[in-house]
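Starting off with a structure, shown below.
Since every read-out is calculated from the coordinates, none of them should be taken as a lab result. In this text, all values refer to a predicted model and were calculated from it rather than measured experimentally.
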Amino acid sequence: AINPWDVPDPADVSLEKIAFLVSLHGVMMGDEGLTTLERAHLGAAIRTVYARAAQTGQIPRESMLRDELRERSRGEQAEGSPDVAAVLRNLAERLGEYCGEGSYAYLLDRETTVPADSPLVVFDTRRCPEIVLRSVMFALVEYVTRAIERHRDQSRTLSHQPDAPMFTGRTVMLIDEAWHLVGRRETGEFANDLARRARHLGLFLIVMSQHMSDFATEHG
């Protein structure tokens, strides 16, 4: 299992991580997506989840977000804002299958079980339901990107030594079936941002798909 909420310190979460989680939830919602209002409320709730995790020592995860949205909905209802309460309640209900004993809870509501120092990690998505495959691909790319950043940081001192091997601290990342990423705004923006940051990460980014026409999209 991989927990896409993982951060080194829940008390110090980057804007990029918050943006990733908001975008990931947009992908999870399928064609329905998220409205601007829903994205704003989701971002605020995600930040609260991290703050609460930092205070309590909990590992942030999807069920904490669902609970936070429900709590905010009750608060808005009590304050006389039924429309906002309905938006928050609707968001919480749409996350139900990704939490607790839900069908897809294993994707977002479990602690990471992959050892950080594994020399080889294979993600087998053959049995992954098509309806969540795009979300899974998105989460995997973000997970690998975090591993690349750690590799760069750990090798920074060694890479500046005159006798260091040429590719010290560098990484090759090959994304196959890239149409999953460039077909939607949320994942497409993430992929393009990764491409722009690649040289700063010491990353050689290779993107593949079956047809050139797969890249004939706004973000392709």
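Give the distance, in whole Å, between the Cα centre of the range 47-121 and the Cα centre of the range 180-210.
27
Helix 130-159 sits at what angle to the longest principal axis of the chain, using alpha carbons and giving 0 to 90 degrees rounded to 10?
50
Sticking with this structure for a sec: By how many nm would the segment from Gln154 to Ile206 grow when fully extended, if each residue of separation counts as 0.36 nm and the alpha-carbon distance is taken off? It would help to have the intermediate numbers written out before the result.
Working: separation 52, 0.36 × 52 = 18.72 nm, distance 2.29 nm.
In short, 16.4 nm is gained.
How much length, in nm to one decimal, is gained on full extension between Thr113 and Asp67, taken as 0.36 nm per residue of separation minus their Cα-Cα distance?
14.2 nm
Pick from Ser73, Ser63, Ser209 the residue whose mean-square fluctuation is largest in a GNM of the chain, springs joining Cα atoms under 10 Å.
Evaluated over the chain, the most mobile residue of the options is Ser209.
Contour minus end-to-end for Ala1 and Glu218, with contour as 0.36 nm per residue of separation and end-to-end as the Cα-Cα distance? Intermediate values should be presented prior to the final figure.
Numbers: separation 217, 0.36 × 217 = 78.12 nm, distance 3.19 nm.
Between Ala1 and Glu218, full extension yields an extra 74.9 nm.
Something else about it: Give the whole-number value, in cubic angstrom per residue, of the convex hull volume spanned by the C-alpha atoms of the chain.
Dividing the Cα hull volume of the chain by its residue count gives 140 Å³.
Using just the Cα positions, wrap the range 143-189 in a convex hull and report its mean projected area in square nanometres, one decimal place.
Mean projected area of the Cα convex hull: 4.1 nm².
Quick one: in the range 105-220, what % of C-alpha pairs are over 18 Å apart?
The calculated P(r) of the range 105-220 puts 58 percent of pairs beyond 18 Å.
222 nm [θ] for the chain, helices only, -39500 (n - 2.57) per DSSP H run of 4+, per residue, to 500? Don't skip to the end; give the middle numbers.
Details: 8 runs with 116 residues, N = 220.
Taken over the chain, the calculation gives -17000 deg cm²/dmol.
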